[in-house]
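Here is the structure we will look at.
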Amino acid sequence: MSDGLLEFGHGAVLLDGTELPGIFKSQAIAGSVRFDTAKPDGLSGTAKTPLGWEDADITLVIDLISDSQTRPYIAGSNCYDKLNQINAIFKGYDNGSNPKVYEVDNAHVLARGISHVVFSGLYSRESARDDIIQVTLNFVEHTPPVQVAEKRVVGSDAATEAAPAATTTSAAAPDETIMVDVS
């Protein structure tokens, strides 16, 4: 289940169809093996046993440029206003209490077998050389828990009347079957 849609490519990042301010520069996907490590007694080093795969990390880099740099004739937002918009999306879902799960629509991410992510981190930096803030959006692979549908039997008087006898096994004698009359 997802709360929204993440799309990116061709210079733009969209969350739920809304284009984030800035210019999409790059993406990176990192995956790794999960190990159990133990230090053997009397030996140097550690013994590593592979246990499976860690959730993949996806990093998107966006440049936030003040509108006065790209369109000096238009009074628009500056890079700080744009950072504030992205920060509001990062922290604002569900009043800040729960991160949002996004379904992903990107060929690179889908090729790595990732279909859902959580917006897990936001990093920003700027230099004294220009009026650009570089923003790094971090997403972590989200694998929803598998929900198994169970067939539950609800007890009723009709069910009791329909079954005249039940079979149980005694704890003292596992091979002995006891018939119990429930009428």
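The values are calculated or read from the model by the stated rules, or taken from the named source; none is laboratory data. Since this is a predicted model, take the numbers as computed values, not measurements. Counting neighbours? That spans all protein chains shown, and the Cβs are built from the backbone with ideal geometry, glycine included. For the accessible areas, the whole protein counts, side chains as well, though only heavy atoms, and no ligand, DNA or RNA atoms are used. Shrake-Rupley method; radii C 1.70, N 1.55, O 1.52, S 1.80 Å.
Scan segment 80-87 and give yes if some residue there is acidic (Asp, Glu), closer than 21 Å to ASP63 by Cα and outside any helix (DSSP H, G or I), otherwise no. If you could, list the steps in order and put the result at the bottom.
Filtering segment 80-87 down to residues acidic (Asp, Glu) leaves 81.
Still in the list and also closer than 21 Å to ASP63 by Cα: 81.
Still in the running and outside any helix (DSSP H, G or I): none.
No, segment 80-87 contains no residue that is acidic (Asp, Glu), closer than 21 Å to ASP63 by Cα and outside any helix (DSSP H, G or I).
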Say whether the condition of being under 16 Å from THR136 (Cα atoms), assigned to a strand (DSSP E or B) and of a type in the set (Val, Ile, Thr) is met by at least one residue in segment 20-30. yes
Close pairs from segment 110-124: first under 14 Å from GLU7 (Cα atoms) and open to solvent by 60 Å² or more (accessible area, probe 1.4 Å), partner in a strand (DSSP E or B) and of a type outside the set (S, T, N, Q), Cβ under 8 Å, at least 6 apart: LEU110/VAL104
Could you give me the residue pairs with C-beta distances under 6 Å whose first residue belongs to segment 18-39 and is under 17 Å from VAL104 (Cα atoms), whose second residue is of a type in the set (A, V, I, L, M, F, W, C) and not in a strand (DSSP E or B) wherever it lies, and which are 6+ apart or on separate chains? LEU20/ILE86; ILE29/ALA56; GLY31/ALA56
Counting just the residues of segment 1-40 that are of a type in the set (A, V, I, L, M), farther than 15 Å from PHE90 by Cα and in contact with a Phe, Trp or Tyr (Cβ under 9 Å, 6 or more places away or on another chain), which one comes out least open to solvent (accessible area, probe 1.4 Å)? ALA12
